[in-house]
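A short worksheet on the structure shown next.
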Amino acid sequence: MDSFYMTVYNITTLIPSGMVSTYGRIAAMAGSPRAARAVGYALHSLPEDQLATVPWQRVINSRGKISSSGDSGRAVLQKKLLLSEGIIFGGDDTVSLKEFGWPR
DNA sequence: ATCGTGACGAACG
DNA sequence: CCGTTCGCCACGA
């Protein structure tokens, strides 16, 4: 229960509504600045019961873009959820981390 | 313990 | 800013 994944989920839960963070940022907070990839893997493997409690949609890549490993359905849902939280997307579906990035 | 894999990231060009 | 290349980490088989 004290796995890296647990830490990732815990940190992700701390992201305030209306803001987004990045895999790398979370990895750093989890204690492994170079494990951004593992963070993505963690959220990809996010259990359904956690899907309802963990705001996974607030985690995007360092370019401010959504990554969904080809699963367009998830990407659309993610964008929809973020929009409903007040996140503004650019014309190329990118979020301004300068404005919505967390922590600042 | 080893290998392959992947929602990533920084450095380059 | 974009695509490519290489490096890093944790996980499951």
Seminar exercise, completed: Taking a crude spin-label model, label points 7 Å out from Cα along the C-beta direction, the A:T13 to A:A52 distance in nm is 1.4 nm
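Among A:T7, A:T53, rank each residue by its count of other Cβ atoms within 10 Å, from fewest to most, as a rough exposure measure. List each step's numbers first, then the result.
Details: A:T7 18, A:T53 12.
Fewest-to-most Cβ neighbours within 10 Å comes out as A:T53, A:T7.
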Seminar exercise, completed: Note: the range A:3-100, point scatterers on Cα, Debye, no solvent; log10 I/I(0) at q = 0.11, 0.20 Å⁻¹ equals -0.28, -0.98
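Read-outs: derived from the displayed coordinates by stated rules, not from any lab. All values reported here derive from a predicted model rather than from experimental measurement. In this analysis, Cβ positions are derived from the backbone assuming ideal geometry, glycine residues included, and neighbour counts consider all displayed protein chains.
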